[in-house]
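Notes follow once the structure below has been shown.
The values are calculated or read from the model by the stated rules, or taken from the named source; none is laboratory data. None of the values given here were measured: they were computed from a predicted structure. Cβ sites come from the backbone with ideal geometry, for glycine too, and all protein chains shown count toward neighbours. Areas reflect the complete protein model, heavy atoms only, side chains present, ligands, DNA and RNA absent. Shrake-Rupley method; radii C 1.70, N 1.55, O 1.52, S 1.80 Å.
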Amino acid sequence: MLFALQHRGQESAGIVWTEGGAHKVDRRLGMVSGAADAWLSGTAASTGGIGHVRYSTAGGGGIRNAQPLAVECSKGSVALAHNGNISNSAALRAALTREGAIFQSSSDSELILHLISRSRARGIEAILRDALAPLEGAYSLCMLWGDTLAAVRDPWGFRPLHIAEKDGVRYVASETCALHALGPSISQREILPGEVVLVDEDGERSFFLPPAPRRARCVFELIYFARPDSRVFGESVHAARERFGEALAERDDVEADLVVPVPDSGNLAALGYARRAGIPFEFGITRNHYAGRSFILPTRAEREFAVRMKLHPVPEIVGGRRVVLVDDSLVRGTTSRLIVGLLKEAGAREVHLRLSAPELTGPCGYGIDIPDRSELISNRMNPGQIARHVGADTVRFLTTDLLKSRLAEPSEYCYACFDGDYPCPIRNGEGKDATCP
Ligand code: AMP
């Protein structure tokens, strides 16, 4: 299952499992494959386990922040895997620290374990109700509590979470692609916003946390983050991306010979665009699958070098042609500038850049890695200026309204990184407004 979720995080991977009445932990930096030999050859008899792949959005990388986190506390052995960001974490952390709490990591997830340990409530259900009450923001959680499994989805429903059953065993995962990895006959459902599912030897039961003022599914899961063979928020990711591409084409009158995706992030939107525009689709750029991620490298020079290592135009395809280049999103503009340059070097006559996300104008705060406002190119330039900056003939974005028109339940989503309407305030400041729960 973790292999199937590798795209959600490549910095560290870890598992915690029960063995002989205790929790065992194995966390490593790097990809799942680095740990796979040890994990797959393990012979421990275990009744339960949880795992995590991490990319850092809050708290930085490093083995200290690798998950699952595992502690011995007043409530026994508790291990936690967290997807999302707690948006009032700085305030809560400052309040806990003032009261003497000691933090081992800089990740916001550790907060949750402190809140559980400090709770005076009794029984897992009451403790979770009490401990999770002060949290704001995004938290899809898998917890191993003794040998009980607890799966939690925050009341806003920011991040996806699913549960499946096969041969009497329960499986929980962020995306359905991980559940499909278990075989075709698996019965599964979405864990609902605010739902807490407990699984122990008596079976499965669930209860609900108090509702949030609104729902806030992350639309960027559909645009970019989730794997296309997954369903998240009841939508096929594959089909949604094609629809976003179609929507882009509907408002476009550009004359071109070819539609070319930036692989792999632009593949499906480009397919939808090409079909709707009636322009042939070609893989005019080859991706080297052995090159690492460019987006998270710290300096611009490193990111540019990484893009050059990864993406290679095919001169026979793009030479002399007018190309519509489709990617999902423009963040800093680094990738597009290089790719447009490479396409022109390879002989493309015109390059028209199309993005299947609206203009990114704000950071996320709920678990997607988006740099500071000042680094976002759409905060500094309009599409005409961006076109000149990246060397494209024209640039166009999907609008938020068009994006919404392609979703089954548009009012259930968060669009904060595009429209600035943040469902929970992002309080990463001094934390003065927090009271200790
Ligand atoms: P940039 O080169 O900074 O404009 O980044 C745009 C590229 O990064 C696009 O190809 C996106 O698919 C990809 N991208 C967008 N958001 C993220 C993210 N949060 N993490 C990693 N890659 C991303």
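What number of residues in segment 338-359 are away from the ligand (no atom under 16 Å from the Cβ) and either open to solvent by 30 Å² or more (accessible area, probe 1.4 Å) or not assigned by TED's automatic domain parsing to the domain that holds Asp264 (or both)?
Number of matching residues: 5.
Have a look at Glu201, Glu246 and point out the one that is of a type in the set (D, E, K, R), away from the ligand (no atom under 16 Å from the Cβ) and assigned by TED's automatic domain parsing to the domain that holds Ala357.
Selected residue: Glu246, the only one of Glu201, Glu246 that is of a type in the set (D, E, K, R), away from the ligand (no atom under 16 Å from the Cβ) and assigned by TED's automatic domain parsing to the domain that holds Ala357.
Residues that are modelled with pLDDT of 95 or more, open to solvent by 20 Å² or more (accessible area, probe 1.4 Å) and of a type in the set (Ser, Thr, Tyr): list the strands (runs of 3 or more DSSP E) wholly contained in segment 233-313 that include at least 1 such residues.
285-287
Each row is one residue, and each column tells you yes or no for (1) more than 19 Å from Arg406 (Cβ to Cβ); (2) within 16 Å of the ligand (Cβ to nearest atom); (3) among the small types (Gly, Ala, Ser).
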{"position": "Ala173", "(1), (2), (3)": "yes, no, yes"}
{"position": "Glu190", "(1), (2), (3)": "yes, no, no"}
{"position": "Phe220", "(1), (2), (3)": "no, yes, no"}
{"position": "Ile223", "(1), (2), (3)": "no, yes, no"}
{"position": "Asp264", "(1), (2), (3)": "yes, yes, no"}
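Being in contact with a Gly (Cβ under 8 Å, 6 or more places away or on another chain) and closer than 29 Å to Phe283 by Cβ narrows it down to one residue among Ile368, Ile339, Ile377; which is it?
Details: Ile368 fails: in contact with a Gly (Cβ under 8 Å, 6 or more places away or on another chain); Ile339 fails: in contact with a Gly (Cβ under 8 Å, 6 or more places away or on another chain).
The conditions single out Ile377.
Would you check which residues across segment 318-337 are open to solvent by 40 Å² or more (accessible area, probe 1.4 Å) and not hydroxyl-bearing (Ser, Thr, Tyr) and list them? Spell out how you get there, then give the answer.
Start the filter on segment 318-337 by keeping residues that are open to solvent by 40 Å² or more (accessible area, probe 1.4 Å), which leaves 320-322, 332, 335, 337.
Gly320, Arg321, Arg322, Arg332, Arg337, listed by residue number.
Tally the residues that are closer than 9 Å to Gly14 by Cβ and surrounded by fewer than 17 Cβ atoms within 10 Å (Cβ to Cβ), restricting the search to segment 27-81.
Looking only at that region, the number is 1.
Sort out which residues of segment 379-411 are in contact with a strand residue (DSSP E or B) (Cβ under 8 Å, 6 or more places away or on another chain) and among the polar types (S, T, N, Q), and write them in order of number.
Thr394
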